[in-house]
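Coordinate-derived values only; no laboratory data. Everything numeric in this text was worked out from a predicted model, so none of it was measured. Here the Cβ is made from the backbone with ideal geometry for all residues, glycine too, and neighbour counts use every protein chain on show.
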């Protein structure tokens, strides 16, 4: 008949304890308890990619900011097309140029009459100067006419373009905030990275000591403690 007790290190303990024994520690190849989460492993997984992340943040943030500035400047430069003032201003500009051209034509017509009556070199030079100014005014007038005629179409195109750019700006602003946050986080983690090697070395030293002592629960004293605990709960 089998006995209900077995002898362990000179002491009798129940062969079938009524309590569930602790799970045997899972050991790695070098005998280190895997349930012990070491700082070395934590540091490696936390900070091993910090340099790459920092470099990415430093390179991406200026690119995002430059694109955001370009899109924002476009929105500012086309803001006037979103109200009725643009149409009024274009119409006034065309009116002013037309008035200037008419006045210049009248002045040149008078100078030509004067030049036919009086053969004066000074009058001829003045006429030449005004004719040159008239040509420039006519060029500006033609450009103003074309711009005024195309204004309704351009306004619609610009309105659609602004809507698309506004969506891009919102997305770029979100990306910029994310990269700034990443850069700030990397800055904080870089300080931790500076002591990583030291911490890692200390952890490896701790692992070495654990290996020398052997797995938890493997010493005679630990076995006696287990035996006493078994008797207590039976």
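Spin-label model, residue 75 to residue 125: label points 7 Å out along the Cα-to-beta-carbon direction sit 5.6 nm apart.
Note on residue 191 and residue 168: the model spin-label points, each 7 Å out from Cα along the C-beta direction, lie 3.9 nm apart.
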